[in-house]
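First the structure, in the form of structure tokens, and then the observations on it.
The values are calculated or read from the model by the stated rules, or taken from the named source; none is laboratory data. All figures in this text were calculated on a predicted structure; none of them were measured in a lab. Quick reminder, even Gly has a Cβ in these numbers, built from the backbone with ideal geometry, and neighbours come from all protein chains shown.
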């Protein structure tokens, strides 16, 4: 792919970075050290996930890869978990990241979490470097919506 076709990558402002660090540490339970957060890149509509319900991809310090779905009905996202995880794990391994996390935002967190997490465990097996998180709209930093 040529660079003229690539989606722009943005870097969060200092305030957005604070929100992201709080979300990643408290919302996602990540124990990444401070220095990891010195390099954060956000790609909207990432090409790697074309055709899948991923609205943005966050690359954090070359260690944590976070794919976020905010626009899809949660059942549509649940039905695409296989391809999402296959793509995410592939990017994680190809680019040398430690973890891949999929974040699904929905108003129906309890109901969606039960179904999405059950399917997630069937799809990912014993890969402890892949995670799924179902969050409500208020939990997601504004730079990811």
Practice task
Please verify whether region 31-45 includes one or more residues that are under 23 Å from residue 123 (Cβ atoms), at pLDDT 95 or above and out of contact with any helix residue (DSSP H, G or I) (no Cβ under 6 Å at 6 or more places or on another chain).
Solution key: no
Completion exercise
residue 134 meets each of (1) assigned to a strand (DSSP E or B); (2) over 16 Å from the mean Cα position of the chain (by Cα) with one exception, condition (2)
Exercise for the section: Select from region 121-131 the residues that are more than 14 Å from the chain's Cα centre (by Cα) and outside any loop (DSSP other than H, G, I, E, B) and write down the one among them that is farthest from residue 41 (Cα to Cα). Expected result: 122
